[in-house]
Amino acid sequence: MLSIDILLGVSSSYLFARVLLKSDLPVLVPLILCIAVWLIYTLDHLSDAYFLGKRALKPVYIWHWKRRRILLVFSTVLAASAFLLSFLYLPVKVLYAGLAGSGFLLLYGLFQSLPISRGRYFFKELWVGGIYTLGVWGLPILFRGVRADPAVILILAAFFCLVMVNVLSYSLFEMPLDRQENLPTLAVRYGNRFCRNLIRGFLIMAVILVLVCMIISDTVRLKAAGILLVMSILLGIIHIFPGYFGRNDRFGRLADAVFILPAMIVLL
């Protein structure tokens, strides 16, 4: 309920990007990044919980609704702490990047909360996937500088595809409850078949990108591509056996745990 698995995935993926790009970042960056991600997920859940109120059916929304006051207080304290640490210890260019991202998220969150947006569909899955990928890779890329590297570009693209598989898996498996709660998602709007085909497309694209990367890569990038290939296989297994993984949130536990695997890059 507290998105601890998400934080482990973010930390592991950030480490993956940092090692791959050989980016030297301040030690506080992963802490502040984890706080930011936790705030995004928590506030998103609180927003949905407020919208649904006592009509909520998903355990995660019920949990957040019952604890909304303490979560808001805790979120405020964490946000203030993250801003203070950022201004005291982070380089100026990291601050600018963080402020730009925070402003974008704030505007998007405010837009989503407006009455006019209720019942409309804005492809939330794509926004979530893009924000997650940008949050993990943005600072390592910023610190390392821009340099054309085909292998890294392929790995980044494959990583984004796998993030989209994760996000769309939630849309697919949670579609019955989302429909009852009247929450707009891709599966609710366009149906399970379309969502499944999109997931297959992202998985196939990820595997193709990884295989091409393996052909042109050196040792470090080859290891990174191998990790992404294993992640692709595990995410694919969820959709090969949807009946099994659709029960008791098994798909969610595996889909989120997969993103802890990138940390293995420091062991290989």
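The values are calculated or read from the model by the stated rules, or taken from the named source; none is laboratory data. Here the structure is a predicted model, which means the values were calculated and not measured. For neighbour counting, all protein chains shown are included, and Cβ atoms are generated from backbone atoms with ideal geometry for every residue, glycine included.
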*asked:* For the stretch 186-211, give me the residue count where each residue is closer than 17 Å to PRO176 by Cβ and not aliphatic (A, V, I, L, M).
replied: 8
*Members of the stretch 242-268 that are within 20 Å of LEU177 (Cα to Cα) and of a type in the set (Gly, Ala, Ser)*: GLY243, GLY246, GLY252, ALA255
*Filtered residues of the stretch 7-28 (kept if at pLDDT 80 or above, surrounded by 19 or more Cβ atoms within 10 Å (Cβ to Cβ) and aliphatic (A, V, I, L, M))*: VAL10, ALA17, LEU20, LEU21
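Against the condition under 16 Å from VAL163 (Cβ atoms), assigned to a helix (DSSP H, G or I) and not small (Gly, Ala, Ser), how does ILE208 come out, does it pass?
Working: under 16 Å from VAL163 (Cβ atoms): no; assigned to a helix (DSSP H, G or I): yes; not small (Gly, Ala, Ser): yes.
For ILE208, the condition - under 16 Å from VAL163 (Cβ atoms), assigned to a helix (DSSP H, G or I) and not small (Gly, Ala, Ser) - is not met.
Given the criterion closer than 24 Å to ASP5 by Cβ and under 22 Å from the mean Cα position of the chain (by Cα), identify the matching residue among GLY236, GLY243.
Numbers: GLY243 fails: under 22 Å from the mean Cα position of the chain (by Cα).
Within the list GLY236, GLY243, the selection yields GLY236.
Would you confirm whether any residue within the stretch 258-268 is loosely packed, with under 15 Cβ neighbours inside 10 Å, among the β-branched types (Val, Ile, Thr), assigned to a helix (DSSP H, G or I) and without any contact (Cβ under 8 Å) to a residue 24 or more places away in the chain? Spell out how you get there, then give the answer.
Taking the stretch 258-268 and keeping what is loosely packed, with under 15 Cβ neighbours inside 10 Å, we get 266-268.
The next check asks that each one be among the β-branched types (Val, Ile, Thr); those that pass are 266.
Applying the additional criterion that residues be assigned to a helix (DSSP H, G or I) yields 266.
From the residues that got through so far, the ones that are without any contact (Cβ under 8 Å) to a residue 24 or more places away in the chain too are none.
No: the stretch 258-268 contains no residue that is loosely packed, with under 15 Cβ neighbours inside 10 Å, among the β-branched types (Val, Ile, Thr), assigned to a helix (DSSP H, G or I) and without any contact (Cβ under 8 Å) to a residue 24 or more places away in the chain.
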*asked:* Given the condition at pLDDT 85 or above, of a type in the set (Lys, Arg) and either surrounded by fewer than 18 Cβ atoms within 10 Å (Cβ to Cβ) or closer than 22 Å to SER169 by Cα (or both), answer yes or no: does some residue in the stretch 108-126 qualify?
replied: no
*Among the residues of the stretch 230-239, is any modelled with pLDDT of 95 or more, surrounded by fewer than 20 Cβ atoms within 10 Å (Cβ to Cβ) and either outside any helix (DSSP H, G or I) or out of contact with any helix residue (DSSP H, G or I) (no Cβ under 7 Å at 6 or more places or on another chain) (or both)?*
yes
*Residue list for the stretch 76-95, filter: within 15 Å of PRO26 (Cβ to Cβ) and either part of a helix (DSSP H, G or I) or modelled with pLDDT under 70 (or both)*: ALA82, LEU84, LEU85, SER86, PHE87, LEU88, TYR89, VAL92, LYS93, VAL94, LEU95
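Going through the stretch 208-232 one residue at a time, which ones are of a type in the set (A, V, I, L, M, F, W, C), more than 24 Å from LEU7 (Cβ to Cβ) and without any contact (Cβ under 8 Å) to a residue 40 or more places away in the chain? So that I can check it myself, show each step before the final result.
Start the filter on the stretch 208-232 by keeping residues that are of a type in the set (A, V, I, L, M, F, W, C), which leaves 208-216, 220, 222, 224-225, 227-231.
Adding the requirement that they be more than 24 Å from LEU7 (Cβ to Cβ) leaves 208-216, 220, 222, 225, 229.
ILE208, LEU211, MET214, ILE215, LEU222, LEU229 - these are the residues of the stretch 208-232 that are of a type in the set (A, V, I, L, M, F, W, C), more than 24 Å from LEU7 (Cβ to Cβ) and without any contact (Cβ under 8 Å) to a residue 40 or more places away in the chain.
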*asked:* Considering only the stretch 190-197, I want to know if a residue exists there that is buried (at least 17 other Cβ atoms within 10 Å of the Cβ), at pLDDT 90 or above and among the hydrophobic types (A, V, I, L, M, F, W, C).
replied: yes
_Counted residues, the stretch 240-251 - those being in contact (Cβ under 8 Å) with a residue 60 or more places away in the chain, of a type in the set (A, V, I, L, M, F, W, C) and either closer than 19 Å to ILE208 by Cβ or assigned to a loop (DSSP other than H, G, I, E, B) (or both)_ = 0
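Looking only at residues in the stretch 50-61 that are under 15 Å from GLN180 (Cβ atoms) and part of a helix (DSSP H, G or I), which one is modelled with the lowest pLDDT? It would help to see each step written out before you state the result.
So in the stretch 50-61, the residues under 15 Å from GLN180 (Cβ atoms) come out as 51-61.
Then keep just the ones that are part of a helix (DSSP H, G or I); that gives 51-55, 59-61.
On the way: PHE51: 74, LEU52: 74, GLY53: 73, LYS54: 70, ARG55: 73, PRO59: 81, VAL60: 82, TYR61: 80.
Among them, the one singled out is LYS54.
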*Just name the residue that is surrounded by the most Cβ atoms within 10 Å (Cβ to Cβ) out of those in the stretch 46-60 that are under 23 Å from the mean Cα position of the chain (by Cα) and free of Cβ contacts under 8 Å to residues at least 24 places away in the same chain.*
ALA49
